[in-house]
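Novice: Pasting a structure here, questions to come.
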Amino acid sequence: MKYVCEICGYVYDPAEGDPDNGVAAGTPWEEVPEDWVCPLCGVGKDQFAAE
């Protein structure tokens, strides 16, 4: 399942992760650190919705 930022539309894909910001490919959403923020607009995980 992918997760979409409700503010800017960035899609977090667990298969790809966010390696530029310390989240390795294959990291499930539940294991993304709580202090991780959207790499495009900077909002927190609470602004993301399951796609």
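Novice: Rolling a 1.4 angstrom probe over the protein heavy atoms, how many square angstrom per residue are accessible across the chain?
Specialist: On a per-residue basis, the chain sits at 62 Å².
Novice: So, one more: Give the carbon-plus-sulfur fraction of the accessible surface of the chain in %, rounded to a whole number; probe 1.4 Å, heavy atoms of protein chains only.
Specialist: Answer for the chain: carbon and sulfur cover 49 percent of the accessible area.
Novice: Additional query: Pairs of alpha-carbon atoms within less than 8 angstrom and 6+ residues apart define the contacts here; what relative contact order does the chain have, in percent?
Specialist: Worked out over the chain, it gives 41 percent.
Novice: Quote to one decimal, in nm, the extra length available between Ala15 and Glu51 on full extension: 0.36 nm per residue of separation minus the C-alpha distance between them.
Specialist: 11.5 nm
The values are calculated or read from the model by the stated rules, or taken from the named source; none is laboratory data. Predicted model, so just to flag it, every value in this text is computed and none were measured. Accessible surface is based on the protein model in full, side chains and every heavy atom, while ligands, DNA and RNA are left aside. Shrake-Rupley method; radii C 1.70, N 1.55, O 1.52, S 1.80 Å.
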